[in-house]
1. Working only within the stretch 33-68, note down all residues that are assigned to a loop (DSSP other than H, G, I, E, B), among the β-branched types (Val, Ile, Thr) and within 23 Å of GLN17 (Cβ to Cβ).
2. Considering each residue of the stretch 109-129, count those that are touching an Asp or Glu at 6+ places or on another chain (Cβ under 8 Å), β-branched (Val, Ile, Thr) and more than 11 Å from TYR88 (Cα to Cα), and give that number.
3. If you take the residues in the stretch 113-149 that are in a strand (DSSP E or B) and hydrophobic (A, V, I, L, M, F, W, C), which one is nearest to the chain's Cα centre (by Cα)?
4. Pull up the stretch 1-37, narrow it to residues that are within 19 Å of ALA222 (Cα to Cα) and loosely packed, with under 15 Cβ neighbours inside 10 Å, then point me to the one that is farthest from the ligand (Cβ to nearest atom).
5. THR103 versus (1) among the polar types (S, T, N, Q); (2) surrounded by fewer than 18 Cβ atoms within 10 Å (Cβ to Cβ); (3) within 28 Å of LEU221 (Cβ to Cβ): which is the lone unmet condition?
6. Any idea which of (1) closer than 14 Å to GLY209 by Cβ; (2) among the hydrophobic types (A, V, I, L, M, F, W, C); (3) surrounded by fewer than 22 Cβ atoms within 10 Å (Cβ to Cβ); (4) in contact with a strand residue (DSSP E or B) (Cβ under 9 Å, 6 or more places away or on another chain) is the one ILE91 doesn't satisfy?
7. With a cut-off of at least 1 residues that are touching a residue at least 24 places away in the same chain (Cβ under 8 Å), crowded, with 21+ Cβ neighbours inside 10 Å and within 16 Å of the ligand (Cβ to nearest atom), name the helices (runs of 4 or more DSSP H) lying wholly within the stretch 159-230.
Amino acid sequence: MKTLIVGNWKMHHNTHQASLLLHHLTHEITSTTNVEVVLCPNFLALQSLSLQVDRKKFRLGAQNCDWHDEGPYTGEVSATMLYGVAEYVIIGHSERRHTFHETDAVIRRKVQAVIRNKMKPILCIGETARERAEGETAHVLHDQIVSGLANVTSDEIKRIVIAYEPVWAIGTGQNAMPDDVKKAIAMIRKQISALYGKEAAEEVRILYGGSVNPDNAADYLAQDGVGGLLVGGASINAHSFSSIVAAGNKSRGNKE
Ligand code: PGA
């Protein structure tokens, strides 16, 4: 399976800047033979980039969506509206969980909405610094998986991507140790195996995210079970994201 490298542009870049970044990425990323690259700009830029993007090289993803298909929900964008523009939707990012107070129940509904609308959810899970210090990591991951995937069938699990993103590592420059990432991902896979069986657990792609940069990307990708990376800050710089994609292209893909 190809290594998955996802760029989460967060709330950066207006439509013009986003278009310029895509232009630079298209030139700098020369080979994507072994890698699947997903760009997640803001909603507004997503629409215009969908007309510009070379779909042989990149896929597009959204950073969030509402779980209703339509209705009186001022300011929201539904998965139904994203269909045809995006192929992936990031769900339950720690900034959504913590800054926008999204609950597990809301995240579960959003995962369902993305599946219902024939796209792929990238479900983000991860412990906070306090939970980690209190030895709660395994429990937190367990609860977020069980809750986020409730109602997901054994057929649908194949379309889910999970991103392990320790909250304390996001945007802090304090990236997790590759060996700890390997252990956390093994825990996640074990949990998927308990819910859906060994075969499904082997197929599910699990990414690492949190202060990934061109210097540390290869170390994560070399860990067993790491199927790719979710990149924030380093994804809005064409040089750094291209180097991360190049590291992904050289890596061995999703291993077990
Ligand atoms: P970061 O963000 O790479 O800037 O730490 C990762 C993310 O938020 O997905």
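Values in this text are rule-based calculations from the coordinates and carry no lab data. Remember, it's a predicted structure, so these values are computed and weren't measured experimentally. Reconstructed Cβ throughout: ideal geometry from the backbone, glycine too, with neighbour counts over all protein chains shown.
1. Step one: filter the stretch 33-68 for residues assigned to a loop (DSSP other than H, G, I, E, B), giving 33-34, 41-42, 53-57, 63-65, 67-68.
Now narrow it down to the ones that are among the β-branched types (Val, Ile, Thr): 33, 53.
The answer is VAL53, and nothing else.
2. Residues flagged as touching an Asp or Glu at 6+ places or on another chain (Cβ under 8 Å), β-branched (Val, Ile, Thr) and more than 11 Å from TYR88 (Cα to Cα) within the stretch 109-129 amount to 1.
3. From the stretch 113-149, those in a strand (DSSP E or B) are 120-125; that's our starting set.
Add one more test, that the residue is hydrophobic (A, V, I, L, M, F, W, C), and what stays is 122-125.
Numbers: ILE122: 4, LEU123: 7, CYS124: 6, ILE125: 10 Å.
By that ranking, first place goes to ILE122.
4. Among residues in the stretch 1-37 that are within 19 Å of ALA222 (Cα to Cα) and loosely packed, with under 15 Cβ neighbours inside 10 Å, the one farthest from the ligand (Cβ to nearest atom) is THR33.
5. The number of the failed condition is (3).
6. In the conditions (1) closer than 14 Å to GLY209 by Cβ; (2) among the hydrophobic types (A, V, I, L, M, F, W, C); (3) surrounded by fewer than 22 Cβ atoms within 10 Å (Cβ to Cβ); (4) in contact with a strand residue (DSSP E or B) (Cβ under 9 Å, 6 or more places away or on another chain), ILE91 misses (3) alone.
7. Hits in the stretch 159-230: 178-196, 217-221.
Every residue, every condition in (1) farther than 26 Å from ARG59 by Cα; (2) in contact with a Leu (Cβ under 6 Å, 6 or more places away or on another chain); (3) of a type in the set (Gly, Ala, Ser), yes or no:
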| position | (1), (2), (3) |
| --- | --- |
| ARG96 | no, no, no |
| LEU123 | no, no, no |
| ARG132 | yes, no, no |
| ASN151 | yes, no, no |
| SER154 | no, no, yes |
| GLN174 | yes, no, no |
| ASP179 | yes, no, no |
